[in-house]
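Asks: The following block contains the structure, expressed as structure tokens.
The values are calculated or read from the model by the stated rules, or taken from the named source; none is laboratory data. Not measured: the values here are computed from a predicted model. Positions of Cβ are backbone-derived with ideal geometry, glycine not excepted, and every protein chain shown enters the neighbour counts. Surface areas here come from the heavy atoms of the whole protein model, side chains and all, with no ligands, DNA or RNA. Shrake-Rupley method; radii C 1.70, N 1.55, O 1.52, S 1.80 Å.
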Amino acid sequence: MKSQDGDIIFKEKYGSSTKERYFVKPPDQLNVVVCKEEKFNDVASLFTKVFLPQGYPDSVSKDYIAYQIWDTAQAFCSTISGTLATQEVLRGVGVGNKHATPLAATVTWVLKDGCGHLGKILFAYSHGTYLDAYSKKWRLYADTLNDAAMCIEIALPLFRNYITFALCVSTVMKAVVGVAGGATRAAMTQHHALRGNMADVSAKDSSQETAVNLIASFTALFIITVFGNSLFIFSLMLILHIVFNYFAVRAVCLRSLNEPRFIQVIDTYLKREVIANPCEINRNEPIIFYQLGPNLLDLKICGFQMKLGGSMAQIIKEASKASHLKEIKEIYNERKYILYPNTNYRIMYIFIKDGSTTDDILCAYFHAVLLSITTCAINNYKLPVFHSTSELKPFAQVCKMLQSVEWSRKSGKRTGFIYEPSYELQRYVNSIATQEWQSVKSGLIQTGWDLTKHLLMVDEWRVCGEKSILNEISFEHIEFAKSTIDPQCTQAKPRKISEQQGNDLDDLMDDEMFTIEPEPSVKFRDSEERKGGKSKTNIKDTAEKDPEKKD
């Protein structure tokens, strides 16, 4: 490469910026000289180095700048409203009151700080496990709670006889804000850092917030000097603070699967046969009212509430017969989990086995959703997956077919759903989940979801293997409760299926099980492409192959 001034031996550029350097050999020299070509503003470069992580924008996620803009705006509003509220706090502890004593002010301050410390400990104990899974929700809740605490502080003149109590309440609320805000900010920082530069991203975020707080503090001082402690400005700042916070968490596109995101992915897959990308799911993710009140998202989508990682003691009252539990155990013998649908209360228990991995837990949740929907189908319970403006999708067609076959159900206790899923149905759904999970997993990876970890809420109980049980248990030291089971029924009798039902089951469980394969992007390939020409019937083919099976 040559120029008019000599030969260009090397060219360098700084990251993704326009800063360039040329290493040139002039025509009349033997040594190489460095020529700098800086096509950027020095002020902009200095701002980038001071307030943005090194390597920006390549070193952070694509949603970083949008989140930081809204986060900066909310921090500005929060500082102004906080300064206005601090003025009333100082008045409440006695500043400016000639009758107040330093001892009284000190006691009030110590009491409120002590309540704040206790509030931090109790909140971390009760809600610490939820902050990773629902970081967006708690980020928004924390700032809303902070605004509520400032409302109490600015209203202290109305509580002249209860100043200490009001300050303790507001301090507890702010302590909760400190725990929730700090934890969720760490989760956001971890998401934004792409090069293992979490510390750098966190440090630059702190620099941005410090600069904004400095500007906002002088702005608040100007407002107090000119307008006094204006209630209108305080209210306006609170409203803008909440709005900016909402836009900030909406701008984040998290790629790890928590329950609301995962169940929406599954719902989209069953309705449209595609895997939705992370940004699409994040835009529709419920933040404010998720899992509040009777309209739980999992109940709305699959008809059951999911419980992961609990103890099997939760189902003993409903399923105390050993024969029943042994049958369930046999169905999931090859799995790292066990599913148990409680049709009385519409709870799907997912018991995790010892040694399970992230893939096993995600598969267990997907499997539980399929079993929940089929259980609702045999009870004629309407779900969104059955509603379609056009043709029903394959899984919905299979569910419709299952409504007309007798082997899919057995009578329940009639306090909830009329029918419970039969063992045959659970085996059938198990075979569906085995094949479909590989398609779903492939589609999730192709569309950008991070499956190296999950954010599902899983309790710590684990079902141990038989070897572990035999090595550790000693029946000599166990007191058995008196059995309430009829002695004549202690031996389980094998259930017989009629010849016609058996034929139907064989047809459904044969090698032509349906499958849906992913395209390179978000669609799914035909099964023949995946199997190299080997034909494999999909859900729709299974439902349409023999329409007389519904009779």
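Asks: Of all residues in the stretch 203-218, which are touching a residue at least 12 places away in the same chain (Cβ under 8 Å) and farther than 20 Å from G182 by Cα?
Replies: I215, A216, S217 - these are the residues of the stretch 203-218 that are touching a residue at least 12 places away in the same chain (Cβ under 8 Å) and farther than 20 Å from G182 by Cα.
Asks: Given (1) among the small types (G, A, S); (2) without any contact (Cβ under 8 Å) to a residue 40 or more places away in the chain; (3) within 21 Å of T48 (Cα to Cα), where does A186 come up short, assuming only one miss?
Replies: Failed condition: (3).
Asks: Here is a further query. Scan (1) within 29 Å of A199 (Cβ to Cβ); (2) modelled with pLDDT of 80 or more for the single condition G15 breaks and write down its number.
Replies: Against the list (1) within 29 Å of A199 (Cβ to Cβ); (2) modelled with pLDDT of 80 or more, G15 comes up short only on (2).
Asks: Before we move on, is A377 over 25 Å from S442 (Cα atoms), modelled with pLDDT under 95 and in contact with a Cys (Cβ under 7 Å, 6 or more places away or on another chain)?
Replies: It is true that A377 is over 25 Å from S442 (Cα atoms), modelled with pLDDT under 95 and in contact with a Cys (Cβ under 7 Å, 6 or more places away or on another chain).
To keep it simple, each residue is scored yes or no on (1) in contact (Cβ under 8 Å) with a residue 40 or more places away in the chain; (2) open to solvent by 70 Å² or more (accessible area, probe 1.4 Å); (3) in a helix (DSSP H, G or I); (4) of a type in the set (F, W, Y).
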| residue | (1), (2), (3), (4) |
| --- | --- |
| K300 | yes, yes, yes, no |
| K307 | yes, yes, no, no |
| S323 | yes, no, yes, no |
| K329 | no, yes, yes, no |
| R335 | yes, no, no, no |
| L339 | yes, no, no, no |
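Asks: Okay, moving on. Considering only residues of the stretch 117-143 that are in contact with a helix residue (DSSP H, G or I) (Cβ under 6 Å, 6 or more places away or on another chain) and among the basic types (K, R), which is farthest from P286 (Cα to Cα)?
Replies: Only one residue tops the list, namely K120.
Asks: Got at least one residue in the stretch 418-429 being under 29 Å from E280 (Cα atoms) and touching a Leu at 6+ places or on another chain (Cβ under 9 Å)?
Replies: Yes, the conditions are met somewhere in the stretch 418-429.
Asks: Kindly check whether there is at least one residue in the stretch 424-437 that is over 21 Å from T268 (Cα atoms), buried (at least 21 other Cβ atoms within 10 Å of the Cβ) and charged (D, E, K, R).
Replies: Yes; the residues of the stretch 424-437 include at least one that is over 21 Å from T268 (Cα atoms), buried (at least 21 other Cβ atoms within 10 Å of the Cβ) and charged (D, E, K, R).
Asks: If you go through the stretch 194-223 one residue at a time, how many are outside any helix (DSSP H, G or I) and in contact with a strand residue (DSSP E or B) (Cβ under 7 Å, 6 or more places away or on another chain)?
Replies: 1
Asks: From Y349, Y345, grab the single residue that is in contact with a Lys or Arg (Cβ under 6 Å, 6 or more places away or on another chain) and among the hydroxyl-bearing types (S, T, Y).
Replies: Y349
Asks: I would also like to ask the following. What is the residue count in the stretch 359-395 for residues that are over 26 Å from the mean Cα position of the chain (by Cα), touching a residue at least 60 places away in the same chain (Cβ under 8 Å) and closer than 11 Å to K271 by Cα?
Replies: Residues meeting the conditions: 3.
Asks: Ok, one more. Please determine whether any residue of the stretch 219-240 is within 30 Å of K400 (Cα to Cα) and polar (S, T, N, Q).
Replies: No, the stretch 219-240 has no match at all.
Asks: Right, another one. Restricting to the stretch 164-181, name every residue that is open to solvent by 30 Å² or more (accessible area, probe 1.4 Å) and either modelled with pLDDT under 90 or aliphatic (A, V, I, L, M) (or both).
Replies: T164, F165, V169, V172, M173, V179
Asks: Now, a different point. Might you let me know whether the stretch 366-386 holds any residue that is part of a helix (DSSP H, G or I), under 30 Å from L451 (Cβ atoms), open to solvent by less than 10 Å² (accessible area, probe 1.4 Å) and among the aromatic types (F, W, Y)?
Replies: Checked the stretch 366-386: at least one residue is part of a helix (DSSP H, G or I), under 30 Å from L451 (Cβ atoms), open to solvent by less than 10 Å² (accessible area, probe 1.4 Å) and among the aromatic types (F, W, Y).
Asks: Residue by residue through the stretch 118-140, note down the ones that are under 23 Å from V89 (Cβ atoms) and touching a Ser or Thr at 6+ places or on another chain (Cβ under 9 Å).
Replies: If the condition is that a residue be under 23 Å from V89 (Cβ atoms) and touching a Ser or Thr at 6+ places or on another chain (Cβ under 9 Å), then G119 is the only one that fits.
Asks: Oh, and also: Consider A396 carefully, then state whether it is modelled with pLDDT of 90 or more and either small (G, A, S) or assigned to a helix (DSSP H, G or I) (or both).
Replies: So A396 does not fit the description; no.
Asks: If you go through the stretch 406-459 one residue at a time, how many are within 21 Å of the chain's Cα centre (by Cα), of a type in the set (V, I, T) and not in a loop (DSSP other than H, G, I, E, B)?
Replies: Qualifying residue count for the region: 4.
Asks: Tally the residues that are in contact with a Pro (Cβ under 8 Å, 6 or more places away or on another chain), farther than 30 Å from L156 by Cβ and in a helix (DSSP H, G or I), restricting the search to the stretch 56-91.
Replies: Selection size over the stretch 56-91: 2.
Asks: With (1) at pLDDT below 90; (2) among the aliphatic types (A, V, I, L, M); (3) crowded, with 16+ Cβ neighbours inside 10 Å; (4) within 19 Å of E153 (Cβ to Cβ) as the list, and V107 as the residue in question, which single condition is left unmet?
Replies: V107 satisfies all of (1) at pLDDT below 90; (2) among the aliphatic types (A, V, I, L, M); (3) crowded, with 16+ Cβ neighbours inside 10 Å; (4) within 19 Å of E153 (Cβ to Cβ) except (3).
Asks: Here is a list: Y345, Y349. Which entry is modelled with pLDDT under 95 and aromatic (F, W, Y)?
Replies: Answer to the selection: Y345.
Asks: Being modelled with pLDDT under 90 and on the phi < 0 side of the Ramachandran plot is the requirement here; does Y141 meet it?
Replies: In short, no.
Asks: In the stretch 226-256, which residue that is over 16 Å from R139 (Cα atoms), touching a helix residue (DSSP H, G or I) at 6+ places or on another chain (Cβ under 7 Å) and not basic (K, R) is least open to solvent (accessible area, probe 1.4 Å)?
Replies: Among them, the one singled out is F234.
Asks: Being modelled with pLDDT under 80 and in contact with a Lys or Arg (Cβ under 6 Å, 6 or more places away or on another chain) narrows it down to one residue among K36, K2; which is it?
Replies: Going through K36, K2 in turn, just one is modelled with pLDDT under 80 and in contact with a Lys or Arg (Cβ under 6 Å, 6 or more places away or on another chain): K36.
Asks: While we're here: If you check every pair at least six apart or on different chains, which have Cβ atoms under 7 Å apart with a residue in the stretch 1-13 that is under 15 Å from K36 (Cβ atoms) first and a residue that is at pLDDT below 80 and not in a strand (DSSP E or B) second?
Replies: Qualifying pairs under 7 Å: I8/M1.
Asks: For the stretch 257-287, enumerate the residues that are among the polar types (S, T, N, Q) and open to solvent by less than 10 Å² (accessible area, probe 1.4 Å).
Replies: Result: N258, N282.
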